[in-house]
Amino acid sequence: MTTTAPGQRVLTASTTTVLRRSAFWAAAAVFAIVIALVGILFAGAVTESDPLSPTNPAPGGAKAVVEVLRQQGVTVTAASTLERATDAITDAADTTLFFYDPDGILEGEQLTEAFALAGNVVAVEPDFDQLLALTPDVAQAGTVDGEVEADCDLTAATRAGSITGDGSGYRYLGDDPVATTCFGSGDDVYSLVRVPTETGSATIVGAADALSNEFVTDRGNAAFALGLLGETDNLVWYTPSAADLSTEAPPTLGELSPDWVLPGTALVVLTALAAAFWRGRRFGPLIIENLPVTVRANETMQGRARLYQKSAARLRALDSLRIGTVQRIAALCGLSRLAAVDEVAATAAAVAGLQPTDVRRILLDAVPTTDRELVRLSDQLLTLERTVATSVTPV
C-alpha cells in the first residue's frame, strides 16, 4: 500500500492508464504485421517462382506453349516429380521428355533415370552435371543475348527463321556427323545442339526465353517451340521440385556438434534473456512515504555538517549558511523572496550603515580555504544578521 506525507499527492499509473498509453504501439504493431502478411501473400501470388512451368500464366511461365500444343493434338502431361514423370510415359519411342531443372535438384542416378525415360529428350539450359548425364559431348559456353538466326536444316529452326536467343550457349565437342548445331552466335557457340542417342535424340536448348509466355510471340519463337516440342504425340513436361530432393542429406550442424553444445547454448541464451529483462525493466513512478522514525533537525544538520567536513566542502557549507542568512535579511528588510543577492546586500548595508563591499564579501564573494576561515565567515554572517535586525527594529 502506498502512503504519502500530509499535503502531498502522488499519481501512480493504473492498469487502465498503462493500457491506454500502450494502445497506440500495440495497434501499430498489429498494423505492421497485417501489412507484412498482405505483402507476403501478394508477393506469393504474383511471383514467378516456377519459370517455364506448364501451369504458370506469368510472363516467366510456359502455359501459352503448352495450351497451343494441346490444341494441336499433343498430349501434354505436367510432372513435378520423377515418379510422376515415370508413370506418365508408357511409350518411350513416341514420347518427348521436356526437362528443365534450373535449381539442380536432381543428382547422379536420378538424372540418368530421368533421361532414360523417353526416346527424345529436350533439356533446357542444362548445367554441367545434367550435360554429363545426358550427353558428355556438349559443353557450356557462357551466355547468349539478342536475336539468333537459324543456320541448320532442323525443321523447327527453319520454320522459325530467327528466335530470341537470350539464355545459355553451348559447344559441341564430338565428331558425330549426324549431330546438329543451330542458332549460332559466333565462336562455335550455339543456342541449340541436337545429338543422336541409342533411343532417339538429346536436344540441348539454351534459348529459354523463347519458350516463355513473355517472348513466345516474338520473332519465330512460337514456331520454334511448337515444332520442337510437337514432334511426337506425347509430351511429358518435367520440372523437378523439392519432392525429388535426395533423402541422403549430409549431417546437420547439430549432429556434428558435441552433446553439451545444445544445452550449453540454451543456458547462455536463457541467462542473456534473464539479464536483459533484469537490466531493462523500468521502475515505476516515485512514491513518497512517511519515514518510520522522526529525525530531529539538529541531528540532520550535524550529519550534513560531518559530510561537508569529511569531503572538505567548505564553500558548499558556507553557501548553505549564506542562503538562510540572505533569506532572513531579505525578510527583515521587506524585500521579495525573489530578490537578488546584490539587492539584499545593498539594502542591508544601507539599513545597517555598513560598507556595501563588506556586506557583499560576507554574503557572496568570500571563499574559505581553511576551517578557521569558515568559522570566521559564519560568525560574520550571524553578526550581520543581528545588526540588520537591530537596525530595523524600532526602539
Number of the exception - residue 178 against (1) under 21 Å from residue 111 (Cα atoms); (2) over 38 Å from the mean Cα position of the chain (by Cα); (3) without any contact (Cβ under 8 Å) to a residue 24 or more places away in the chain: (1)
Within the stretch 134-152, tally of residues that are among the polar types (S, T, N, Q) and closer than 25 Å to residue 197 by Cβ: 2
Tally of residues being open to solvent by less than 70 Å² (accessible area, probe 1.4 Å) and either of a type in the set (Val, Ile, Thr) or touching a helix residue (DSSP H, G or I) at 6+ places or on another chain (Cβ under 8 Å) (or both) across the stretch 337-358: 11
Answer from 331, 317 - the residue that is of a type in the set (Gly, Ala, Ser), exposed (fewer than 15 other Cβ atoms within 10 Å of the Cβ) and in a helix (DSSP H, G or I): 331
Conditions (1) at pLDDT below 90; (2) among the small types (Gly, Ala, Ser); (3) open to solvent by 40 Å² or more (accessible area, probe 1.4 Å): number failed by residue 119: (3)
Residues that are touching a strand residue (DSSP E or B) at 6+ places or on another chain (Cβ under 8 Å) and part of a helix (DSSP H, G or I), drawn from the stretch 215-230: 221, 224, 228, 229
Candidate set from the stretch 65-76 (those that are touching a residue at least 24 places away in the same chain (Cβ under 8 Å) and surrounded by fewer than 18 Cβ atoms within 10 Å (Cβ to Cβ)); member that is nearest to residue 121 (Cα to Cα): 75
Count of the stretch 186-211 residues which are assigned to a strand (DSSP E or B) and aliphatic (A, V, I, L, M): 6
Residue count for the stretch 220-231, restricted to those that are under 27 Å from residue 86 (Cβ atoms) and either open to solvent by 10 Å² or more (accessible area, probe 1.4 Å) or among the acidic types (Asp, Glu) (or both): 4
Any strands (runs of 3 or more DSSP E) falling wholly within the stretch 128-185 and containing at least 1 residues that are more than 18 Å from residue 215 (Cα to Cα) and not aromatic (Phe, Trp, Tyr): 138-144, 167-172, 180-184
Every pair of residues 6+ apart whose Cβ atoms lie under 9 Å, when the first sits in the stretch 304-326 and is touching a residue at least 24 places away in the same chain (Cβ under 8 Å) while the second is in a loop (DSSP other than H, G, I, E, B) and open to solvent by 50 Å² or more (accessible area, probe 1.4 Å): 314/367; 314/369; 314/370; 315/367; 318/367
Count of residues meeting criterion [farther than 20 Å from residue 207 by Cα and either surrounded by 23 or more Cβ atoms within 10 Å (Cβ to Cβ) or without any contact (Cβ under 8 Å) to a residue 40 or more places away in the chain (or both)] in the stretch 96-115: 7
Leading residue by the ranking (farthest from residue 227 (Cα to Cα)) among those in the stretch 130-184 that are among the hydroxyl-bearing types (Ser, Thr, Tyr) and surrounded by fewer than 16 Cβ atoms within 10 Å (Cβ to Cβ): 143
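The values are calculated or read from the model by the stated rules, or taken from the named source; none is laboratory data. Computed from a predicted model, the values in this text were never measured in an experiment. Every residue, glycine as well, gets a Cβ built from its backbone with ideal geometry; the counts of neighbours run over all protein chains shown. Areas reflect the complete protein model, heavy atoms only, side chains present, ligands, DNA and RNA absent. Shrake-Rupley method; radii C 1.70, N 1.55, O 1.52, S 1.80 Å.
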